[in-house]
Amino acid sequence: MYFCNLNLHQENTKIVMIEQNLQQAVADALKRLYGMEVAPATVVLQATKKEFAGDYTVVVFPYVKQARKSPEQLANELGAAVKEAVAEVADYNVIKGFLNFVVDDSYWVRFVTAEATDANYGLKQAQPDESPVVVEYSSPNTNKPLHLGHIRNNLLGWSVSELLAANGANVKKVNLVNDRGIHICKSMLAWLRFGNGETPESSGMKGDHLVGKYYVEFDKHYKEEIHELTAKGMDEEEAKKQAPLMVEAQQMLKRWEEGDKEIRDLWSKMNGWVYAGFDETYRKMGVGFDKVYYESNTYLLGKELVQKGLDMGVLFRKEDGSVWCDLTADGLDQKLLLRKDGTSVYMTQDLGTALLRHNDFGAERLIYVVGNEQDYHFKVLKLILGKLGFDWADKVYHLSYGMVELPNGKMKSREGTVVDADDLIAEMEVTAEEMCRDHGKNDDMSPEQLKELYHMLALGALKYFILKVDPTKNMLFNPAESIDFNGNTGPFIQYTHARIHSIVRKAAEQGVDPAQELSAPIELTDKERAVVKCLHDLPSTVASAAANYSPAMVANYAFDLAKSFNSFYQDTPILRENDPVLRLFRVKLCALVALSLKNTMHILGIEVPERM
RNA sequence: GGUUCCGUAGCUCAGCUGGAUAGAGCAACUGCCUUCUAAGCAGUAGGUCCUGCGUUCGAAUCGCAGCGGAAUCACCA
């Protein structure tokens with residue numbers, strides 16, 4: 001098979017990474033010299049701090065007690081043994097309990113030579129026959145357009161999927177559209193009541209924005225009704241329940257679940273508007289899915305599960321007819337699964353979709369990219385799945401990400417402080433255009449090329465700004481900083497890529513091809529070595545980023561690499577270098593940096609330009 | 001009130017399973033374009049890693065307590 005051949009070929013050209021050799025050699029030496037059994041993977045190996053000589057450092061403190069040596073003596077003995085055993089170790093030195101190894105330049109040169117033309121450097125080939133990892137993200141409600149919070153979700157979901165795939169997983173991206181429930185009834189009711197038949201065509205509004213407008217409209221009139229009722233002396237809680245609009249919305253939901261044709265038709269029409277709008281936003285963001293689920297198709301399965309749970313005796317029905325799960329033994333409360341009128345709630349649907357998805361994919365992991373405000377929900381979901389007897393409950397993983405806050409506090413849809421996804425992207429594109437105009441480096445490009453470039457840079461800035469932050473943490477979205485193109489930003493990395501591409505292009509014109517072989521050994525400058533070592537870290541960075549579900553680790557890596565390259569580029573001649581061997585090596589280095597930037601940015605869902 | 005998460009430079013963030021003198025970017029200030037893209041590079045300045053106690057050769061990292069902030073605990077999703 002094609003992929004297998006490709007893989008074998010790659011394996012042949014790859015060199016064995018030196019970290020494992022060092023760890024193994026240390027473990028071997030500990031055993032041989034002191035009779036100690038140490039698993040190689042547990043040997044603490046870290047990059048040597050730049051103020052000391054060396055490339056890798058082994059911390060020997062953990063072994064001094066058992067070896068009955070002073071840290072210095074132990075480190076020296078280990079250093080001598082490892083230098084003897086590992087050909088790539090040129091030298092070692094000891095400072096306190098730290099054993100620093102110097103790796104011979106020939107290793108770094110061999111590494112660059114081996115990888116410089118591997119277009120997939122840093123990306124493992126996905127295994128198509130492996131049981132899949134299903135990543136659910138986006139999961140929009142069809143009652144309002146996407147906003148900044150959704151943007152973080154979508155970018156994270158896409159990027160984590162790409163990250164896991166880059167680490168060899170067979171990833172399936174899925175979306176679960178929350179197309180039913182009380183919220184969409186509110187929009188429908190408001191549209192019937194106040195809409196005068198307005199459509200996306202008649203108003204020129206994007207469909208999701210139009211429906212969102214009526215959701216806001218509902219809330220406005222609902223508030224008024226509550227106010228009127230409380231003014232007459234009614235308790236506020238009671239007023240919220242008895243407000244005519246709310247009562248009517250609930251009746252509408254009931255009619256929807258009963259399959260009432262009139263309601264279903266209206267629902268189909270308005271959801272259709274929303275989907276058209278979402279598709280446009282997804283396309284602009286550059287995200288997509290292998291499969292889309294609709295809750296309207298899956299919630300009944302949830303209801304069946306609830307019945308099964310009742311039969312099994314793990315759920316119970318209260319006098320009013322509502323169905324609950326008792327989680328007090330797990331330290332939680334009772335959880336509602338069916339309302340007294342028999343309609344289902346969020347949890348009911350999620351039980352159903354989880355089962356459906358498990359059956360559809362036979363997945364090894366079911367990952368849900370959902371905000372940390374729902375930590376409790378997923379804790380409960382896993383517990384109930386377990387109580388229902390599904391042994392795959394522990395394959396459910398909630399990738400819980402932090403909230404996006406604005407400089408003036410939280411986004412509140414009712415207070416109009418929501419940052420709309422479409423608006424934000426449009427503004428970023430305008431900014432990108434202004435920046436490019438100011439620099440005036442692309443005046444010869446066609447209008448289509450320019451438009452593509454502006455979009456690429458706008459999305460690069462936005463995506464990088466959001467993805468560089470640890471997903472689990474809340475983050476501040478400062479609009480002024482998000483459109484910055486300098487420093488730790490997407491465009492900085494894109495710019496670095498464009499610069500390198502310019503060199504590689506000119507090298508080709510001069511007949512220097514990164515695929516050519518070096519005809520003589522070379523010595524590296526400090527700046528070169530720094531870049532090479534950074535490149536060398538890419539595979540392990542992707543692996544640990546994937547293990548942590550953290551695109552941020554990839555983003556920060558890409559920035560470090562770009563910075564390291566720019567520093568090298570600033571004061572090292574490349575094409576101006578007279579020595580042809582050095583010139584060729586540096587072109588190889590450039591080519592590999594460009595590839596690495598491209599591949600890491602690809603994981604983030606960011607494209608890199610060849611010119612900017 | 002219960003539970004969970006967070007607290008690192010003026011601001012935004014790195015700092016992975018404990019390791020050497022805690023790092024970037026932004027903002028401020030200095031330099032560097034006749035030379036491969038200055039959207040860049042080099043430098044200066046900026047710290048009680050919230051506080052206290054503990055664990056140990058070693059703590060921003062682990063534990064406990066306190067202070068401050070956030071989320072959640074709905075017949076909303």
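Distance between the modelled labels on A:ALA508 and A:ASP235, one decimal in nanometres: 7.6 nm (7 Å Cα→Cβ projection).
Only helices enter this figure: runs of n ≥ 4 DSSP H residues, each worth -39500 (n - 2.57), summed and divided by the residues of chain A, yield -18500 deg cm²/dmol at 222 nm to the nearest 500. In a DSSP loop and with at most 12 other Cβ atoms within 10 Å, the trypsin sites (Lys or Arg not before Pro) in the range A:51-113 are A:ARG68, A:LYS96. For the range A:180-289, how big is the tail of P(r) above 20 Å, as a whole percent of Cα pairs? Percentage above 20 Å: 48. Across the accessible surface of the range A:216-263, with the other protein chains kept in place and a 1.4 Å probe, carbon and sulfur atoms take up 50 percent.
Stretched out fully, how many nm does the piece from A:ARG437 to A:ALA90 gain, at 0.36 nm a residue minus the Cα gap? List each step's numbers first, then the result.
Numbers: separation 347, 0.36 × 347 = 124.92 nm, distance 5.07 nm.
Going from the current span to full extension adds 119.8 nm.
In the range A:243-338, a dipole from Cβ-located charges (positive for Lys and Arg, negative for Asp and Glu) runs towards its positive end, and of A:TRP324, A:ALA249, A:ASN297 it is A:ASN297 whose Cα lies farthest in that direction.
Just subtract the alpha-carbon distance of A:LEU450 and A:ASP526 from 0.36 nm times their residue separation and send over the number in nm, one decimal.
23.6 nm
For chain A, give the share of DSSP beta bridges that are antiparallel, in percent and rounded to the nearest 5; count only bridges with both residues there.
Values: 23 of 44 bridges.
The antiparallel fraction comes to roughly 50 percent.
Positive-end ranking of A:PRO62, A:VAL38, A:GLN20 along the dipole of the range A:2-103, with charges on Cβ about the Cα centre, is headed by A:PRO62.
Could you give the size of the charge dipole of the range A:2-103 about its Cα centre, using +1 on the Cβ of each K and R and -1 on the Cβ of each D and E, expressed in debye and rounded to the nearest 20? Present the calculation step by step, with values, prior to reporting the outcome.
On the way: 10 positive and 11 negative charges, 69 e Å.
Once rounded to the nearest 20, the dipole reads 340 debye.
For A:TYR401, the residues whose amide H sits under 5 Å from its own are A:VAL370, A:GLY371, A:ASN372, ignoring neighbours fewer than 5 places away on the same chain, with H placed 1.01 Å from N. The distance separating the Cα centre of the range A:516-561 from that of the range A:143-171 comes to 25 Å. Remark: chain A carries a charge dipole of roughly 780 debye about the Cα centre, counting +1 on each Lys and Arg Cβ and -1 on each Asp and Glu Cβ. Charge tally for A:GLY181 (other residues, Cβ to Cβ under 11 Å; Lys, Arg +1; Asp, Glu -1): -1.
Subtract the Cα-Cα distance of A:SER70 and A:ASP326 from 0.36 nm times their separation in residues, and report this length gain in nm to one decimal. Could you put the intermediate results ahead of the total?
On the way: separation 256, 0.36 × 256 = 92.16 nm, distance 5.90 nm.
Here the segment from A:SER70 to A:ASP326 would lengthen by 86.3 nm.
Under 8 Å for C-alpha pairs, at least 6 residues apart: give me the relative contact order for chain A, rounded to a whole percent. Please report the intermediate quantities before stating the final value.
Details: 933 pairs, mean separation 93.4, N = 612.
Computed over chain A, the figure is 15 percent.
For the range A:290-367, applying the loop criterion from DSSP together with a ceiling of 16 other beta carbons within 10 Å to the GluC sites (Glu not before Pro) yields A:GLU319, A:GLU364.
Quick one: plug the Kirkwood hydrodynamic radius of chain A (C-alpha pairs) into Stokes-Einstein at 10 °C, 1.306 mPa s, and report D in µm²/s.
In µm²/s, the coefficient is 57.
In degrees, nearest 10, range 0 to 90: what is the angle between the Cα axis of helix A:105-115 and the longest Cα principal axis of chain A? Here the helix axis deviates by roughly 50 degrees.
Suppose all protein chains stay in the model; what accessible area per residue would a 1.4 Å probe give for chain A, in Å²? Present the calculation step by step, with values, prior to reporting the outcome.
Details: 28270 Å² over 612 residues.
Averaged over the residues of chain A, the accessible area is 46 Å².
Amide H to amide H distances under 5 Å link A:LYS172 with A:VAL133, A:VAL134, A:VAL135, where only residues 5 or more positions off or on other chains count and H is placed in the peptide plane. Between the alpha-carbon centres of the range A:303-358 and the range A:430-471 there is a gap of 49 Å. Of the trypsin sites (Lys or Arg not before Pro) found in the range A:373-455, those that fall in a DSSP loop while having at most 16 other beta-carbon atoms within 10 Å are A:LYS410, A:LYS412, A:LYS441. Label sites at A:ALA426 and A:LYS223, each approximated as a point 7 angstrom past Cα along Cα to Cβ, lie 2.4 nm apart.
With the cut-off at under 18 Å, measuring from each backbone N in the range A:322-336 to a point 7 Å along the Cα-to-Cβ line of A:LYS379 picks out A:325-336. Projecting the Cα atoms of A:HIS377, A:VAL396, A:LEU406 onto the charge dipole of the range A:358-422, computed from C-beta unit charges around the Cα centre, puts A:HIS377 farthest toward the positive end.
A Förster distance of 25 Å, applied to the separation of the beta-carbon atoms of A:ASP129 and A:GLN20, puts the FRET efficiency at 0.40. Across the protein chains, with a 1.4 Å probe defining accessible surface, the residues A:LEU336, A:LEU524 rank A:LEU336, A:LEU524 from largest area downward.
The values are calculated or read from the model by the stated rules, or taken from the named source; none is laboratory data. Quick caveat: nothing in here was measured; it's all calculated off a predicted structure. Here the Cβ is made from the backbone with ideal geometry for all residues, glycine too, and neighbour counts use every protein chain on show. What goes into the accessible areas is simple: the full protein's heavy atoms, side chains included, and nothing from ligands, DNA or RNA. Shrake-Rupley method; radii C 1.70, N 1.55, O 1.52, S 1.80 Å.
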